[in-house]
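Contents: one structure, followed by commentary.
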Amino acid sequence: VMPRHAYAGSLSLAGDEASRGRFTMLTVDVADTDQVLATLAGADLLWLESPTNPMLEVADLLTIISAAKAAGVTVVVDNTFNTPLVCRPLELGADVVLHSVTKYLAGHSDVVLGALVTSNTELRSRLLRHRTLHGAIAGPFEVWLALRGLRTLALRVERSQTNALYLAHKLRLDPALTRVRFPGLPDDPGHQRAADQLNGFGSIISIELADVAAAEALVAAVRVWLPATSLGGVESLIERRRRQSGEPVTVPEALVRLSVGIENPEDLWADLEQALAPLRPAERSTR
Ligand SMILES: Cc1ncc(COP(=O)(O)O)c(C=O)c1O
């Protein structure tokens, strides 16, 4: 059982394996707890991501993980967006936590690395054996870069989350946008859950514009924000997600994902502001 929205690579990998007949894959809206619970009977593995990439849907991790464990389902949580400072899924009962270390943990967009974390020693041995035999062994330089990054994780996460909250409040008032998705906004559908279960609201904001042309124009007009596909680094990144072919078609075409970095928040807002100004309805109709 996979989230209908998640990191596109996870969905594609699972989809490829499912189409080769290795397993049956069901996708669910992780924010809809009843829907997730209804799929657990007979499931082997539940893969969770919360908030989801890039839709920022928030799952009731506590309820879902408890129910999955009671049903004997192995639970994997991709905790990349949260980092261990914001959510600790092993403590909620998850079997395995996955991090793209490439993102916040290393934090400087200069290393590609991943981590699986488990407190189950038998599972750990199996994962370690798989890793050793299949060759995905971390290089010493990558590990060194990741350890360098980890030293400032707390400071970086604190700053990027503060920046994201500041920007989300500005963005929600901007007439160029049709929607702002960010669990830190009080009217976001995931707000209460995130406030109850997470130790912060993260640093990813997804915004929606009127159409693809407006979304592309925004990405082309920013100067401080870098147009790039990764996230979780010190520099702020911006991307229209559907430009990637692997992205689920239920992700709106004009959705732009912002990975908020640790720069001066006024600089970040000023840059977005100048890029959004010509895209506001009043401006567009006079052109
Ligand atoms: C939630 C999530 N998990 C995993 C990954 C995979 O990351 P990596 O680049 O380290 O393969 C990403 C990348 O965007 C992601 O967003």
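The values are calculated or read from the model by the stated rules, or taken from the named source; none is laboratory data. Computed from a predicted model, the values in this text were never measured in an experiment. SASA here: full protein model, heavy atoms, side chains in, ligands and nucleic acids out. Shrake-Rupley method; radii C 1.70, N 1.55, O 1.52, S 1.80 Å.
Brief remarks follow.
- Note on the chain: along the principal axes its Cα atoms extend 63, 43, 37 Å, ordered by decreasing extent.
- P(r) of region 109-208 over all Cα-Cα pairs, binned every 5 Å from zero, in whole percent: 2, 11, 14, 14, 13, 13, 13, 11, 6, 3, 1
- Rounded to whole Å, sorted largest first: equivalent-ellipsoid semi-axes of region 16-121, Cα gyration tensor: 23, 16, 14
- Cα extents of region 73-126 along the three principal axes, largest first (Å): 34, 24, 15
- Span-rule helices in the chain, defined as complete DSSP H runs reaching 18 Å or more along the axis (Cα) with Kyte mean at least -1.0: 153-171
- Protein heavy-atom accessible surface, 1.4 Å probe, per residue over region 153-285: 43 Å².
- Counting only protein heavy atoms and a probe of 1.4 Å, the accessible surface of the chain is 56% carbon and sulfur.
- Most mobile of LEU61, LEU226, LEU48 in a GNM of the chain (Cα contacts under 10 Å): LEU226
- Distances between every pair of Cα atoms in region 27-72, grouped in 5 Å steps from 0 to the bin holding the largest one, split as 5, 23, 37, 23, 9, 3 percent.
- Within a Gaussian network of the chain (alpha carbon springs, distance under 10 Å), most fluctuating of ARG22, ARG159, ARG151: ARG22
- Region 1-56 - accessible surface per residue (Å², probe 1.4 Å): 47 Å²
- GNM on the chain, alpha-carbon springs under 10 angstrom: the most fluctuating residue among GLY42, GLY149, GLY15 is GLY42.
- Helix-only CD estimate at 222 nm, as mean residue ellipticity for the chain, using -39500 (n - 2.57) per DSSP H run (n ≥ 4): -11000 deg cm²/dmol
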